[in-house]
Every structure is written in C-alpha cells, then in structure tokens.
Amino acid sequence: MGEFKVHRVRFFDYVPSGVCSMAYSEQTERLAVARNNGSVEIYNFPANYYLEKIIPGDDRRSTESICWAAGDRLFSAGLNGEIIEYDLMKLCVKYSIDAFGGPIWDIKANRSGTQLAVCCENGSVVLFSITPEKIVFEKSLDRQKDRILCLAWHPSEPRIVTGSVNVIRVFNASSGRLLQVLKLDRRVLTGRKPDCIVWSVAVLSSGEIISVDSTGKLQFWDLAHGTLIRTYSVASCGVLALAVSQAEDSLLVGTAEGVIFQFQCLAVQAGKPERQWVCTKPFRYHTHDVRAVAHSSTSLISGGVDGRIVCRPLMEKVQIKSYEAALRKILFPHRHLVSCAQTSRMLLFQFPEQLELWRLGQTNESGVDGKILNVSQEPELLLQLKRKGSECIRCSAISRCGSWISYATSSRMFLHRLRYDNNNISISRVSKMPQLPTASLQLLFSPDSEHLYVGSEGGCVYVLKLSESTCTHLQTLEPPAGSSYPVHLLSASLDGSLLAVAAVNSQIDIYNMKTHMYECSVPQYSSPPTAMSIHPSTKNLVIAHSDQQVLEFSISQKQYTDWSRKVLKNGLHSDWLERDTPITGIAFNPSKPEHILLHDNYMFCVLDKSLPLPDENTPLTNQRLLQQLSERSRRSHAHAFKITRKFQPLLFMDLLDDGELVLVERPLTDILIQLPPPMKQKKFAT
C-alpha cells in the first residue's frame, strides 16, 4: 500500500452548527438547509446528495425558517425581522426586506409560488407578492394578541392556518379576515395545565389540518367545522417539526428526544376506500432535538441540534438498488476546512469566526508498519486570527512556505504576511488590497508563493501578484464564452505552469499560467467534480466526481488518458460506486508516480494505476487477505485499490515535502462532548 510516516491530527476542534430549518424542492431536487450560524447549504440530490453550494452566515442574520418559492427561488426569515432572498448564482444575499412585525418565526410560499407569508412575534401574518425581481408587500391579516409561531397554506384554497400558544387559527388570505379559532386541550395526566405550544402545522387538500405541539401530540382537525378528528400521543416530550409528502400519503414528525416517526395513510381494509393514518416507522438517528424535517418523493430527511443531516430512503419508493437506496448521514461539509503549508509543516484550520495556525509535531524515530512513534516535538498552536466584522469566513488558504495567509468573507478579502524569527512569529496585514469586481469564493496560492489565485462568483479567476508587503491585480482569467458559473474548485501544478478551474455546472477549464491564456477544457461530465489535482510529473489532471467516478485527463494531449478510457469502458467496482460520501481530497506520491492518494470521510485509498482494476468477484477491500498469502500469490490477487478505514472521520489529507502523510481526523465523540446536553430520559433500573 505504500509506507508513510503519518501525522494523525486530532486537534482540529471543529463542531458543526445545528440545523434549524430545511426545505426540499421537488422541481429542482435540491435540499436547502439553514444552520444556527446563519449559513445556508444547498444539497444536490441527483448528484449523490452532494453539497454543491454554501452561502456563509453572518452574526447580524438570524435564520428561523427557510422555504423555496416559484421553483428555484430561496427565501428565509429570522428573529431580526427581515425576509431574505438569496442569489444562488453569486452565493450571497440578494436583498432583504423588513416585515415590520418584529421577530419572524416562520415563512411559507403558496403552492403556485405567487405569494409569500410570514408570521411574526407581534401576532401578525404578513403577505407579500412574489414578482420576478423581488417581493412586494401586499397586506396584513387580522392581527392577534399573541405571537404566531408557525403557518401553512391550503394547497388550493386561499386559506392560511397558523399555530400559536394553545390555539390554531384559520385566516382567509384574500380578505385577511380571521375565520376560525381552534383551542387545544391542555389537560395532562399530572393534572397541571401547562401552555400547549403549537410548533408546526400543515393543511391537506382534503381540508384536514395537522398540528404538532409541545405536549407530544400529533392532531388532525377538520378545517370546515373546526373540530378535532383524532389525536396521536407521539412522545412524552415536545414534537418540534412536521413535514407532509407531496402526494399527502405520508408525514414525518421530529421530537425533542431525537426520535423521528413516520405516519402513512393506509387502507383500513384491502379493497375498501376507507383510509387511516398509522404510525409505521420510528427512527432514532439523532442524539439531540430534531428541529427540522423534510419529505422528498423517495426519502425522509431530518436535522437538528447535533448538526447531522439524515436522509433515510423509502424502500417502497426505490425501484432498483442505487444511490437513493442508501441511508445518508451527512455531518461534515463536502469541502476542505484545512489547508497545508507543505514546506514549513504547518496546518491552517478554518472556523466561521477565526483561523488557527498549527505547527506539526516531529519524531526522530522510525519503525515498522503500524508502530506508534514517540513525538520529540509536540504540535504547537502558533496563531489565532480573528475575522474582521460580523460575516463568517467563507474560504481560506496558506502558502506552501507558510509566509502568506488569506481569507475571504461574503464582501471582503484579507491578506496577511507572516514572518518567523526562531520561535517568534509576527503577522502584518496587507492594507491596500486591489478592489475586485466580484466576491471571492475560492483562494489558492501558487506553489512558489508569488501569486494568489482568487476564484469568483462569475467564473473568473483573478491573479494577484504578491510582494513583500503589497498585493496588486496582475491578470484576470476569463472563462470561455458562455460560461459564467461560480468557481467551485482550484488546482495548480507543482511547477506553477498550469491552473485548473472547476465551476458548479461541472465545467473544468485549464489555463497556462506562463502566458495567462486559456489552454483547454475537460469534456463536461454529468456529475459535478468534488476534488481534483494536477500530477506533479505527468501534468495529468485527476478528477473525482460526485457519482464516485475517478477520471484522468491529459492536458498536453487535451483528452482522457488510456487508463481513464479503460475505467470508463470497464467500470469501477460496485462497492466503490456505492459509497455514500464524496471524495474530497486527491494527492500524489512523488516517489511512486503511478499512485493516486484519495480520501473521503470514511476511507483513505491508494489507487495504483499499474495494477488491474478489480472485477465484481474480487473483494474491493482485500488487504487482510493479501497479508495471509505468499509473495507470489499476493501479486496475482492484488488490484489497483488499496483501502484502509482506520482513520475516521477523515477531514483532510496531504503529503508534506519530506514525504510524510498528514491526516486530519475529527472523532464523533469529541463533537458530542461539546454539544449541549440532550433531553434526559429515564431508563429502566437507572
């Protein structure tokens, strides 16, 4: 498999922000996830649930609810009282409008996508008309005395149902008048009468209202008469979230205990039309409160305080074994939050509010495979760099020599110069930065640390020239005609002569950095790239896609290599293709040019192109089997993939200039320790 000295790094103190709201669009098959830090993530379900876009958060922005409208327009609202529409091409806030009702608890669009409704702290429900450019205030419904926490539109009629403390109200959206008030029963077994908080409501086409509340009940109401139809005691704690499928034959509820329940509308007796809601499947994939749930045509989606997004497939909806049939647990972002200074043996960790610079430890020992070496010099925290302003850090980078650090937020880019004097480190900010016309999405230093490449929202790459204390705009690399999608990935060759630029639409362009001219483009693939890297000796571009395909493109010949054509013809092993996390890192071993180093969150792989690809009858992970065979038999059974799952979860991988391997792990137990305590549950005999 190859021998490396491995730095097993576990001091990256990353904790994912909790999920507060999510919305799924059946038209675009995209899932929008709003997190507690104000960031918004877009997951592409057809592309193997890949996290294709991230809009960074802002401390001034509070997101309580998020929704899709008119197909592909995304809105959110929060406790700052503003409604926000996002620009999904520029990955930023398009505009914001004050609803003038105080903090906003929920936002929903009607099914036709023409109107938007928000419910506010001051008891008002405000309607906005959705125009092609922005939203326009339309009217306010009859104002109530208490806060309104949730709302839902009738699928076909101009009716809005809202949930508050102890009551559910029905409004006429056309006239704005209050039609009905439904009072909830607060009686509980203990005899106390606590307030019953309605956390979520939904309306079916048949005229039934569905509500979930803080007493753990799921209730069905008759919209026409305002009467209670049936009640289900789901949990002994609050039920916080509710989602109904588009076909209205299944619903999902999430509880404060971390348990999710699915109810299905099933026939009472075979062959008869009478149907009834039945709790069919309880799931427990979360350790803390489930704050948000969504229902796609083929899966149940949930998220909460633990930051994990879980997509559980509906097996009765999945026809064949495919990506849709796998249970997904997404906790870590599908991008790097770590960058490496290979020459100076340092790591830069990116947090939303700061950067941390660490020097790796050292050892004077050597040993056999599997031996743990004693450290002669411990890892050292060299620097903590706080962000400027309230915007979260979007991207960051450190040069190979460790002399430059750069980071960007939604509106600004910062560059810092580092100087080292024995054990002392000093940092100075480059004050005069060139004014770039668009926001910075990706940052990459050239291998010689003389240039900084800035990937932008319009597909351009700005080349900045670095000197001792200044930074100037040298060149703009324009994408080919007709391409203006945001830059998604950047990769430079080790000699600095080539730069590969990948956009979110799967377009990959190559530029010659000696002439600053466009060189060629990789044939556009159906799935977006998740990682790419240029080989230091062959100058071939290796690309990993979200469908787990690994391809190699010859830049000099402007076509796929023979090895890549063989992969496309014969196909990769089914166990490799059925992995549920994308490859996020690619590196190369200079001493063995045929080796490609790959990693996702749960495996590290050495891909040896000199060996044959495994067939379906050969185990993909066969390292233990090979160790038991003789040297002669081992050669006949060996194949291209050498995989280990010893390092989990794996967030970053790279090779230092001296050949040592750096692996950054983030154990789940370390994350759980830093989360707030979950709801205490009494267990038998405890």
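Residue ranking by accessible heavy-atom surface, 1.4 Å probe, largest first, among 460, 401 comes out as 401, 460. Once the mean of 1/r is taken over each pair of separate Cα atoms and inverted, the chain shows a Kirkwood hydrodynamic radius of 27.4 Å. Taking a ≥ b ≥ c as the square roots of the eigenvalues of the alpha carbon gyration tensor, region 397-546 is prolate, as a/c is not under 1.5 and a/b beats b/c. Each listed q (0.14, 0.18 Å⁻¹) maps to a log10 I(q)/I(0) for region 132-286 from the Debye sum over equal C-alpha point scatterers, namely -0.74, -1.13. Per-residue ellipticity at 222 nm, computed for the chain from helices alone with -39500 (n - 2.57) per DSSP H run of at least four residues, works out to -1000 deg cm²/dmol. In region 6-125, the alpha-carbon atoms span a convex hull of 122 Å³ per residue.
Sequentially through region 595-602, phi angles give Karplus couplings (6.51, -1.76, 1.60; θ = phi - 60°) of 8, 10, 9, 10, 7, 10, 5, 10 Hz, Gly and Pro residues having no value and appearing as x. Of interest is the spacing of the C-alpha centroids, which for region 265-315 and region 79-93 amounts to 29 Å. Semi-axes of the equivalent ellipsoid for region 242-309, computed as √(5λ) from the eigenvalues of its C-alpha gyration tensor and ordered from largest down, come to 26, 12, 8 Å.
When the surface is traced with a 1.4 Å probe over the full set of protein chains, residue 561 keeps roughly 20 Å² accessible.
Solvent-accessible surface (1.4 Å probe) assigned to residue 421 amounts to roughly 100 Å².
Taking all Cα pairs closer than 8 Å and separated by 6 or more residues, the relative contact order of the chain comes to 8 percent. Kindly provide log₁₀ I(q)/I(0) values, in the same order as q = 0.10, 0.13, 0.14, 0.19 Å⁻¹, from the Debye equation applied to equal alpha-carbon scatterers of region 203-326. One equal scatterer on each Cα of region 203-326 leads to -0.32, -0.54, -0.62, -1.08.
Expressed as a fraction of 2.2 N^0.38 Å, the value expected for a compact globular protein of N residues, the C-alpha radius of gyration of region 341-458 is 1.22.
When the residues 419, 159 are ordered by accessible surface, computed with a 1.4 Å probe over the protein chains alone, the sequence from largest down reads 419, 159. Computed over region 61-147, relative contact order equals 21 percent, with contacts defined as Cα pairs under 8 Å that lie 6+ residues apart.
The values are calculated or read from the model by the stated rules, or taken from the named source; none is laboratory data. Everything quoted here is computed from the prediction, not taken from an experiment. Side chains included, ligands, DNA and RNA excluded: accessible areas come from the protein's heavy atoms. Shrake-Rupley method; radii C 1.70, N 1.55, O 1.52, S 1.80 Å.
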